[in-house]
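Derivation of every value follows stated rules applied to the coordinates shown; laboratory data play no part. Because the structure is predicted, anything quoted here is derived from the model rather than measured. Glycine also receives a Cβ, built like all others from the backbone with ideal geometry; neighbour counts cover every protein chain displayed.
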Amino acid sequence: MTLTIGVDVGGTKVAAGVVDDRGRILEKVRRPTPSTSPHETARVIAEVVELLKSRFGEVEAVGLGAAGFVDESRATVLFAPNLAWRDEPIKKKVEGEVGLPVVVENDANAIAWGEAKFGAGRGEDHMILVALGTGIGGGLILNGELYRGRFGIGAEFGHYRVVPDGRRCGCGNRGCWEQYASGNALVAEAREIARVSPALAGRLLELGDGRPEGISGPEITEAAREGDSAALECFRTIARWVGQGLADLAAILDPGAFVIGGGLSEAGDLLLGPTREAFENALTGRGHRAFADIRIAELGPDAGIVGAADLARSR
Ligand SMILES: [Zn+2]
């Protein structure tokens, strides 16, 4: 049995685990990300790897899943919106410190690989991961392989434009899908209802301590589970955008399954039901083709660690 280490480097935390060849995490550690300093971030990554290595001597490689654009040689983070990394040669830096081979991968790609191999996408050669969180992360498994594109930065679905001149996006463009279909979009929708029509949003406001800004994802999910009509309306609105976006992706890529991950996926059927409906209503050629399955991810917040570790194994 070979062991590898997977590291998930996000805007707020660095989570790392020792993973075996069946995708099981044997031990896990986490640290806050010193996100303003590239040098400090590399040092924290080296520190968690050293710690895990000292407990499991036979570790053979390290996979880093980073929230950013990773170049095609899987060595450099070109750009990370939530980290200080700009053309950061992270592979070289970490390899120099820990003395193990390092593979760098986009975090959503690592999640897609983890879900395809050990989670909700098992046995599916054509799978699309859509992670609905702060933004939208994407990963493509085509013909059983992770598709990266020519320059390593494919599958950034969150930034395909769904509304001309629409809402401004952190990427600098307007009208990107993630402005309408992410966890953040759900929260924005609920706060807007609470501001504009407080009488309709009584339960949401109550859960948010009386203020629109107090309403976040868990409150909306809780209210929706109770049957609150304003919260359910928020889910229907977001799910319509999600489902239509999936139909557009299916028009291009014709996958067997979509795996929905990220914080918003914790809402389960509240999200899946209206998403499937919107997908089936929007899919081109409906009635004359099979519908791709739409499933919730299975590996939860550990998917990035498991996927990055496995990509390091098969490097
Ligand atoms: Zn964008």
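Structure values in brief
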| read-out | value |
| --- | --- |
| Per-residue Cβ neighbour rank within 10 angstrom, fewest leading, 291, 118 | 291, 118 |
| Cα gyration tensor, the stretch 186-315 - rounded (a/c under 1.5), prolate or oblate | oblate |
| Within straight-line cross-link reach of residue 53, lysines at Cα separation under 23 Å, skipping those fewer than 8 residues along the same chain | 13, 28, 91, 92, 93 |
| Dipole of the stretch 60-115 [Lys/Arg +1, Asp/Glu -1 at C-beta], most positive-end residue of 85, 65, 99 | 85 |
| Cα-centred dipole magnitude for the chain, charges only on beta-carbon of K, R (+1) and D, E (-1), debye, nearest 20 | 420 debye |
| Antiparallel %, DSSP beta bridges [both residues in the chain], to 5 | 55 percent |
| Spacing of the two label points (7 Å from each Cα toward its C-beta) at residue 192 and residue 161, in nm | 2.0 nm |
| Per-residue [θ]222 nm for the chain (sum of -39500 (n - 2.57) over DSSP H runs n ≥ 4, rounded to 500) | -12000 deg cm²/dmol |
| Extension gain from residue 199 to residue 1, taking 0.36 nm per residue of separation minus the Cα-Cα distance | 65.3 nm |
| Residue exposure sequence - 53, 92 - by fewest surrounding Cβ within 10 Å | 92, 53 |
| D (Stokes-Einstein, µm²/s), Kirkwood Cα radius, the stretch 13-106, 0.692 mPa s at 37 °C | 244 µm²/s |
| The stretch 225-289, relative contact order [Cα under 8 Å, separation at least 6], % | 51 percent |
| Debye intensity ratio I(q)/I(0), log10, the stretch 255-310, q values 0.15, 0.22, 0.24 Å⁻¹ (C-alpha model) | -0.52, -0.88, -0.96 |
| The chain - Kirkwood radius from inverse mean 1/r over Cα pairs (Å) | 20.1 Å |
| Ordering of 223-233, 59-69 by burial proxy (mean other Cβ atoms within 10 Å per residue, highest first) | 59-69, 223-233 |
| Charge dipole (debye, nearest 20) of the stretch 134-265; +1 at Cβ of Lys and Arg, -1 at Cβ of Asp and Glu | 400 debye |
| Extension gain, residue 31 back to residue 73 (0.36 nm per residue minus Cα-Cα distance, nm) | 12.4 nm |
| Proxy reagent accessibility, fewest Cβ within 10 Å first, across 83, 271, 142 | 142, 83, 271 |
| Computed label-point distance, nm, for sites residue 291 and residue 314 using a 7 Å Cα→Cβ extension | 3.0 nm |
